[in-house]
Amino acid sequence: MSTSPTDEEAWRALTAHAATMRDVHLRTLFADDPERARRLSFRLDDLLFDFSKHRVTDETMEALMALARQRDLPAWIERMFTGENINVTEGRAGLPDALRNRDNRPIRVDGKNVVPVVSAVLAKMRKFTDRVRAGEHTGHTGEAITDVVNLGIGGSDLGPLMVCEALEPYWKEGLTPHFVSNVDGAHLGRTLKGLNPATTLFIVASKSFSTEETLTNARSARSWLVEKLGSDKAVAKHFVAVSTNHDAVKEFGIDPANVFEFWDWVGGRYSLWSAIGLPIACAIGMDAFEELLLGAHRMDAHFRSAPLEENLPVIGAMLGVWYASFFGASSHAVLPYDQSLHRLPAWLQQADMESNGKRTRRDGDVVDGYVTGPIVWGEPGTNAQHSFFQLLHQGTRLVPCDLLAPLVSHYPTGDHHRKLLANLVAQAEALMIGRTEEEARAELEASGLDAEEVERLLPHKVFEGNRPSTTILFDRLDPKTLGSLLAYYEHRVFVQGVIWGLNSFDQWGVELGKVLAKRILPELSGAEEPSGHDTSTTALIRLIQAGPRSE
Ligand code: F6P
């Protein structure tokens, strides 16, 4: 296999094919093929993925799948599922599915079956969360826990936060999860303001247990607790940790019995399925957490076994490659028509952009002649319609979109949900069909404007359409369905990494800023003289040192 995708025959074929597709309108594709929606929609139980509003023909899909084969995708899928060390720069496996392997097939990492240790941690999580939820794990003063505060950042925050928000209808009454990630003291301060220390449990979640933000928040939370409850002994009842770094956790002062383990082969951004999901399990219970795992397992099984042509993450990924690599699309919008999924885009930003935001290929060569991971962004509909949809409809950029919604709401209030769904369907249709000049003219004329005014306004009222979207519908947002959806996105990222020749499991690009911040911290406090910086950075350091101009 050549290492640059641009050397593949299918890449060249797709480049030529894209030129012939540039002026083909989705309106025409639908008009010419009454079966299009049926042929390009796929189901996995209650989940429906409608890929028909994409600028593709059978020839496009065949060429995309040919590229997937030339990039050896089926073998890469197997490598991932069998625990090979595909994270080549860190010498590790990258196998999120091992955490949700609900049929207990043995999975070997470095020759050792990891299933028993994964199951043991799940059992420990069950025991602990059952006790917290039943009011049996009490705080220092003997009161039941009412609030669980997760202190973590990145993958140790975004996944559990997003899932907790999404599954709020499943929370146990009287037990509220909170998430503090930012080292900005306002985040911790605002969260603690409303909490009773006697009934608050802190989960310090950090794979490395060396992340500055998390440790700073954890130290401040511990001081708050000790001060409020008047004893160091309170820490044992109110602090637990989730980490791979036992020594650092011990040094921090958390009882080793209160540590929930995970492993270096679990990437931070793929870790919500591990003990990093502890706040989720506290909030929704271990049975529901295991449903979440089951949902992901369902998508894993589909991803591993379905033919590429019917494989949901593969189709989704290859369509993303189509727009990024052959149409110059630089971003991908994720638009949940479900308020409870409001953190889905943030979670996906890390999952996708930390995985595939890379310019060096797995083999060490620099990416040349193509772009890699898209900028992922989004907000829930219908709110987003009133902010950035203008750009989606009439901007100069092509932005492929995902629109997602449950058919049934957990909050059935009047006709809210029907209105929400009407908007989703309307937006996907509007993006696709647009409004032609004739249609716009007819509308303006019907409104009674004179001919001159009609001509003046006309160009502003035309929508070119042909803007691609995937519609994803499911019965309701329950733990199992959410698990499948998230696994869909994880695998989609993996597939794109394979096509672009990337190692999707490392994240060296986040290091430099961390190193520089460590160096700058003593300079800001005056403990060290600023040195070795450019003039802008030095001036900023001096300005911060000097403090506010108005006292
Ligand atoms: O800085 C990026 C990162 O390493 C992410 O990959 C990770 O999810 C996050 O920091 C938090 O890391 P940890 O769980 O080790 O505190």
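The values are calculated or read from the model by the stated rules, or taken from the named source; none is laboratory data. This one's a predicted model, so the numbers in the text were calculated from it and none came from an experiment. Ideal geometry is used to build each Cβ from the backbone, glycine not excepted, and the neighbour counts take in all protein chains shown. SASA here: full protein model, heavy atoms, side chains in, ligands and nucleic acids out. Shrake-Rupley method; radii C 1.70, N 1.55, O 1.52, S 1.80 Å.
Return a yes/no flag: does segment 309-324 have any residue that is in contact with a Lys or Arg (Cβ under 8 Å, 6 or more places away or on another chain) and open to solvent by 40 Å² or more (accessible area, probe 1.4 Å). Within segment 309-324, none of the residues are in contact with a Lys or Arg (Cβ under 8 Å, 6 or more places away or on another chain) and open to solvent by 40 Å² or more (accessible area, probe 1.4 Å). Can you pull out every residue in segment 454-504 that is more than 21 Å from His297 (Cα to Cα) and polar (S, T, N, Q)? Within segment 454-504, Asn466, Ser469, Thr470, Thr471, Asn503 qualify.
Here Glu379 does not fit the description of being within 16 Å of the ligand (Cβ to nearest atom) and open to solvent by 30 Å² or more (accessible area, probe 1.4 Å).
Among residues of segment 139-167 that are without any contact (Cβ under 8 Å) to a residue 24 or more places away in the chain and within 26 Å of Arg476 (Cβ to Cβ), none has a Cβ under 9 angstrom from a residue that is within 16 Å of the ligand (Cβ to nearest atom) and open to solvent by less than 10 Å² (accessible area, probe 1.4 Å) at a sequence gap of 6+ or on a separate chain.
The sole residue among Val132, Val180 that is in contact with a strand residue (DSSP E or B) (Cβ under 7 Å, 6 or more places away or on another chain), within 16 Å of the ligand (Cβ to nearest atom) and more than 20 Å from Leu482 (Cβ to Cβ) is Val180.
Taking the criterion of being in contact with a Leu (Cβ under 7 Å, 6 or more places away or on another chain), open to solvent by less than 10 Å² (accessible area, probe 1.4 Å) and more than 12 Å from the ligand (Cβ to nearest atom), the only residue of segment 343-357 that qualifies is Asn356. When restricted to residues that are under 25 Å from Gly268 (Cβ atoms), more than 16 Å from the ligand (Cβ to nearest atom) and open to solvent by 20 Å² or more (accessible area, probe 1.4 Å), segment 191-219 contains 1.
Residue-wise test of (1) within 16 Å of the ligand (Cβ to nearest atom); (2) closer than 21 Å to Glu291 by Cβ; (3) open to solvent by 10 Å² or more (accessible area, probe 1.4 Å).
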| site | (1), (2), (3) |
| --- | --- |
| Ser119 | no, yes, yes |
| Val163 | yes, yes, no |
| Gly189 | no, no, yes |
| Leu225 | no, no, no |
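In the set (1) touching a residue at least 60 places away in the same chain (Cβ under 8 Å); (2) more than 22 Å from Val498 (Cα to Cα); (3) open to solvent by 60 Å² or more (accessible area, probe 1.4 Å), the condition left unmet by Pro412 is number (1).
Being assigned to a loop (DSSP other than H, G, I, E, B), among the hydrophobic types (A, V, I, L, M, F, W, C) and open to solvent by 10 Å² or more (accessible area, probe 1.4 Å) is the filter here; which residues of segment 442-492 pass it?
To start, the set of residues in segment 442-492 that are assigned to a loop (DSSP other than H, G, I, E, B) comprises 447-450, 462, 464-468, 475-478.
Add one more test, that the residue is among the hydrophobic types (A, V, I, L, M, F, W, C), and what stays is 449, 462, 477.
Across segment 442-492, the qualifying residues are Leu449, Val462.
Does Glu84 satisfy the condition of being outside any loop (DSSP other than H, G, I, E, B), in contact with a Leu (Cβ under 9 Å, 6 or more places away or on another chain) and open to solvent by 10 Å² or more (accessible area, probe 1.4 Å)? Break it down into steps so the answer makes sense when it comes.
Numbers: outside any loop (DSSP other than H, G, I, E, B): no; in contact with a Leu (Cβ under 9 Å, 6 or more places away or on another chain): yes; open to solvent by 10 Å² or more (accessible area, probe 1.4 Å): yes.
So Glu84 does not fit the description; no.
Of the residues Asp287, Asp300, Asp232, which is more than 16 Å from the ligand (Cβ to nearest atom) and touching an Asp or Glu at 6+ places or on another chain (Cβ under 6 Å)? Only one candidate passes the filter, namely Asp300.
Out of all the residues in segment 146-157, which are within 16 Å of the ligand (Cβ to nearest atom) and over 22 Å from Gly483 (Cα atoms)? Before the answer, list the steps.
As a first pass, look at segment 146-157 and keep what is within 16 Å of the ligand (Cβ to nearest atom): 149-157.
Val149, Leu151, listed by residue number.
Consider segment 106-117 and keep the residues that are open to solvent by less than 60 Å² (accessible area, probe 1.4 Å) and in a helix (DSSP H, G or I). The one that is nearest to Leu201 (Cα to Cα) is Val117. Among the residues of segment 28-73, those identified as part of a loop (DSSP other than H, G, I, E, B) and surrounded by 15 or more Cβ atoms within 10 Å (Cβ to Cβ) are Asp33, Leu40, Asp46, Phe51, Ser52, Lys53, His54, Arg55, Val56, Thr57, Arg71.
Among the candidates Gly532, Gly513, which residue alone is under 23 Å from the mean Cα position of the chain (by Cα), small (Gly, Ala, Ser) and either more than 30 Å from Asn356 (Cβ to Cβ) or assigned to a helix (DSSP H, G or I) (or both)? Walk me through it before giving the result.
Numbers: Gly532 fails: under 23 Å from the mean Cα position of the chain (by Cα).
Step by step, each of Gly532, Gly513 is checked, and only Gly513 is under 23 Å from the mean Cα position of the chain (by Cα), small (Gly, Ala, Ser) and either more than 30 Å from Asn356 (Cβ to Cβ) or assigned to a helix (DSSP H, G or I) (or both).
Quick check, is Lys518 charged (D, E, K, R), open to solvent by 40 Å² or more (accessible area, probe 1.4 Å) and in contact with a Lys or Arg (Cβ under 8 Å, 6 or more places away or on another chain)? No.
Rundown of residues vs (1) within 16 Å of the ligand (Cβ to nearest atom); (2) at pLDDT 95 or above, yes/no style:
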site	(1), (2)
Val88	no, no
Leu95	no, no
Ile107	no, no
Glu136	no, yes
Gly139	no, yes
Ala144	no, yes
Gly159	yes, yes
Pro169	no, yes
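When you scan segment 430-440, do you find a residue that is at pLDDT 95 or above, β-branched (Val, Ile, Thr) and in contact with a Ser or Thr (Cβ under 9 Å, 6 or more places away or on another chain), even just one? Reasoning before the result, please.
Of all residues in segment 430-440, those at pLDDT 95 or above come to 430-440.
Still in the list and also β-branched (Val, Ile, Thr): 433, 436.
Subsequent filtering for residues that are in contact with a Ser or Thr (Cβ under 9 Å, 6 or more places away or on another chain) retains none.
Within segment 430-440, not a single residue is at pLDDT 95 or above, β-branched (Val, Ile, Thr) and in contact with a Ser or Thr (Cβ under 9 Å, 6 or more places away or on another chain).
Remark: pairs (first residue in segment 36-47, within 13 Å of Asp58 (Cα to Cα); second residue open to solvent by 30 Å² or more (accessible area, probe 1.4 Å); Cβ separation under 7 Å; 6+ apart in sequence or on different chains) = Arg36/Phe30. Here Ser340, Ser330 are screened, and the one residue that is surrounded by fewer than 21 Cβ atoms within 10 Å (Cβ to Cβ) and more than 16 Å from the ligand (Cβ to nearest atom) is Ser330.
Where strands (runs of 3 or more DSSP E) sit wholly within segment 122-213, those with at least 2 residues that are farther than 25 Å from Leu348 by Cβ occupy 200-205. Per this entry, Ala241 is counted among residues that are open to solvent by less than 10 Å² (accessible area, probe 1.4 Å), within 14 Å of the ligand (Cβ to nearest atom), touching a helix residue (DSSP H, G or I) at 6+ places or on another chain (Cβ under 7 Å) and closer than 30 Å to Asn85 by Cα. Residues in segment 110-136 that are touching a residue at least 12 places away in the same chain (Cβ under 8 Å), over 17 Å from Ala98 (Cα atoms) and not charged (D, E, K, R): Phe128, Thr129, Val132.
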